[in-house]
Amino acid sequence: MHNLIGSKFKGHCRQLFAAITVNLVTFSFGLYTGWTSTVAPILQNVTMTPLDHGHVLTDNSISWACSWGMLSAILGTFFWGMLADNYGRKTTGFLTMLPYLVSWVILLAIKTETALMVSRFLGGMGASGAAINCPMFVGEVSEVAMKAGLGSLFILMYNIGVLYVYVFGVVVDYDMLNVACLAISVLFVAVWWYVPESPIFLIQKNRLDDARRSLMWFRGKDNDKEVSDEMDLLMRHSDQTTKATLADYKKLGTVKALLIGLVFQAGTQFSGINIILMYTVDIFQKSGSTLSPHSCTILVGVVQVIGSAIASCTVHRAGRKFWLMGTYGVTALALITIGTCFYANKVDATFNTGIVPVISLSVHVIAFSLGLGMVPYIIYTEVFPANVRNICMSMLMFFNNVLGFAIIKAYPSMSDALHISGCFWMFGAVCLAVVPYTYLFVPETKDKAYDEIRRELLLWFPDRRRNGKAAVEKAGAMDLQVDGGGGGNVVVVEASEMKVCMGKDQCCFTTTPQHARDNVE
């Protein structure tokens, strides 16, 4: 018993170490995002600019500095998933940090606007790689009981990175800020060597001995026999070992999962989170508050980290679906309140909004950290089969980055046309619209096996069915037909209360004896 408890504790520590290490890339993503908010006022001040010959950036140049990363992230979505599939999660981890490392070196070595834009472009490449590779690696090495908690480290590490750059941006000068950012990239390269490759990738490459050793390391077990059951389970699932075909992407469950992901990614971008993080100081300056913009910015960063830390401890206890609905609703309310502050300041420039903008932004970033910034990525690992997950995630990241680039680049023009209050009201309306969509179309995935989730994905209104048990059984029968497991391709293993059907794709489903007979016939 003592050895069992010791190996379990060791395994949990190793999984936590691996999750934190891979998310140092996500930490750098947060550094990259928050950097412009801190540096933009300096770059636009003729007496403080660090650029050669006293060069200052215009509002248009700042918008490009904010949006270049989204543009390069679009390009990254085309190859990060393929790199992870062909060369492994570990190699891809090194490659995703490389753009950040190079970008900080460029900022330190060359003080021109062109060099700054090149560094921002390179950093965006790492952003899309972090969003694809980090959650995937954590999901593949985590035990079921730790999957949600470790998965939430993505948004926590991102938010700590944002706070890190906010604080250093206030207490040190431009060059030391970039050195502090570069140090994180160097730390990752040094530590990542000690983390093994994902066992699922090794199984996909038929490197079974390496996969067994990797699994033993992540589970903290020295006895080879103790990981045999989990190895057998991974190998029995065909979606872990077979390459996806076009038919796999056309399955109804996969198509619906993609539609859910597209809506969630749109909700993420229209929550205005990138605008808030990249223009935080400017937003506080225009909100009518008399509080120090830099102090408010740091406060928001602290609150954001606290919110994501709470999320890391609670996400495994809460249902994914209603957690998302609640946080989307709170986010919408916060955005509408912020927009109202801007409108009040527009009507009367002397009107003091006090701490309302700080409270509203704090509530916004807490809600984002607790729900819409984190839970969708946990859901993606639960609704997509492993053999299509990389490409589907790449599709979602492509859409996310295209939309993010459009919103960030258009934000100055939208602010002129709609006023900044109109922009935030529009963001709030979109978040509010996601709430009924989530209720109607998104299945609950917490504590459910993948087969059950897949059956519920075939129900377009999973929470509005009158007879849940009958509907799931009907979906199970449909699943056999839609996914190609019906008809003469089904093998039936009979028990007294149910039958287990297995299609040619080696996916198993439980069904009633009558359903099984119908499908076999």
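Ligands, DNA and RNA left out, the accessible area of region 80-213 computed with a 1.4 Å probe is 70% carbon and sulfur. Dividing the convex hull volume of the alpha carbon atoms of region 15-72 by its residue count gives 100 Å³ per residue. Ranked from largest, the principal axis spans of the Cα set of region 341-434 equal 58, 27, 19 Å.
Pull out a ≥ b ≥ c, the square roots of the eigenvalues of the alpha-carbon gyration tensor of region 102-229, then state rounded if a/c is under 1.5, prolate if not and a/b is larger than b/c, and oblate in the remaining case.
Values: a/c = 2.84, a/b = 2.32, b/c = 1.22.
Prolate, because a/c is 1.5 or more and a/b exceeds b/c.
Subtract the Cα-Cα distance of residue 413 and residue 111 from 0.36 nm times their separation in residues, and report this length gain in nm to one decimal. Taking residue 413 through residue 111 to full extension adds about 105.9 nm, to one decimal.
Per residue, how much accessible area does region 293-426 have with a 1.4 Å probe, in Å²? Spell out each step's value before the answer.
Working: 4760 Å² over 134 residues.
For region 293-426, the solvent-accessible area averages 36 Å² per residue.
Extending 7 Å from the Cα toward the beta-carbon at both residue 208 and residue 250 defines two label points whose distance is 3.3 nm. Peptides 389-398, 52-61 ordered by packing proxy, namely the average of other Cβ atoms within 10 Å per residue, highest first: 389-398, 52-61.
Listed highest first by mean packing, meaning other Cβ atoms within 10 Å per residue, what order do 108-120, 335-347 come in?
Per-residue mean Cβ counts within 10 Å order the peptides as 335-347, 108-120.
Put simply, the convex hull of the Cα atoms in region 1-126 casts, on average, a shadow of 10.1 nm².
The values are calculated or read from the model by the stated rules, or taken from the named source; none is laboratory data. In this text, all values refer to a predicted model and were calculated from it rather than measured experimentally. Positions of Cβ are generated from backbone atoms using ideal geometry, with glycine treated the same way; all protein chains shown enter the neighbour counts. The accessibility values were calculated without ligands, DNA or RNA, using every heavy atom of the protein model including side chains. Shrake-Rupley method; radii C 1.70, N 1.55, O 1.52, S 1.80 Å.
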